[in-house]
Amino acid sequence: MVGIHLRTKDREEIDFLIVRDGVPWLPVEVKSGDLAPSPSWRRFSTLLPCRRGLQIVNRPAWAAHTIGDMRVLVAGAAEALRYFA
């Protein structure tokens, strides 16, 4: 697996894109506290083949949002890390 940073010419960005076997697998956005999905998801949901995204925030949260064909989970850092432990 490899992680990369994505940015458009319009300076919209996603902080990390995890690539698995050469294929984009999971985009990850990190925000200090925005519980609403970042506006960048709308743009990247049309550019990436990923059907799932993760937005990590620095407060308790766990909510799924549909943006285009992508499901974006907005999760607090503690909650998300506990899920992966």
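The values are calculated or read from the model by the stated rules, or taken from the named source; none is laboratory data. Computed from a predicted structure; not experimentally measured. For neighbour counting, all protein chains shown are included, and Cβ atoms are generated from backbone atoms with ideal geometry for every residue, glycine included. These area figures cover heavy atoms from the full protein model, side chains too; ligands, DNA and RNA do not enter into them. Shrake-Rupley method; radii C 1.70, N 1.55, O 1.52, S 1.80 Å.
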Only one residue in 67, 18 is surrounded by 14 or more Cβ atoms within 10 Å (Cβ to Cβ), in contact with a Pro (Cβ under 9 Å, 6 or more places away or on another chain), β-branched (Val, Ile, Thr) and at pLDDT 95 or above, so which one is that?
67
In region 29-47, which residue that is open to solvent by 20 Å² or more (accessible area, probe 1.4 Å) and of a type outside the set (D, E, K, R) is farthest from residue 11 (Cα to Cα)?
35
Residue among 38, 45 that alone is closer than 20 Å to residue 3 by Cβ, part of a helix (DSSP H, G or I) and of a type in the set (S, T, N, Q)
45
Note down all Cβ pairs under 8 Å where the first residue falls in region 24-42 and is of a type in the set (Lys, Arg), the second is open to solvent by 40 Å² or more (accessible area, probe 1.4 Å), and they're at least six residues apart or on different chains.
31/58; 42/68
Take the residues in region 18-41 that are of a type in the set (A, V, I, L, M, F, W, C) and within 8 Å of the chain's Cα centre (by Cα), then tell me which one is farthest from residue 74 (Cα to Cα).
26
From 26, 54, grab the single residue that is touching a Cys at 6+ places or on another chain (Cβ under 9 Å) and hydrophobic (A, V, I, L, M, F, W, C).
26
Could you list, ordered by first residue, the pairs with Cβ atoms under 7 Å in which the first is in region 47-59 and of a type outside the set (A, V, I, L, M) and the second is in a loop (DSSP other than H, G, I, E, B), at least 6 apart or interchain?
51/69; 55/37; 55/38; 58/32; 58/33; 59/33
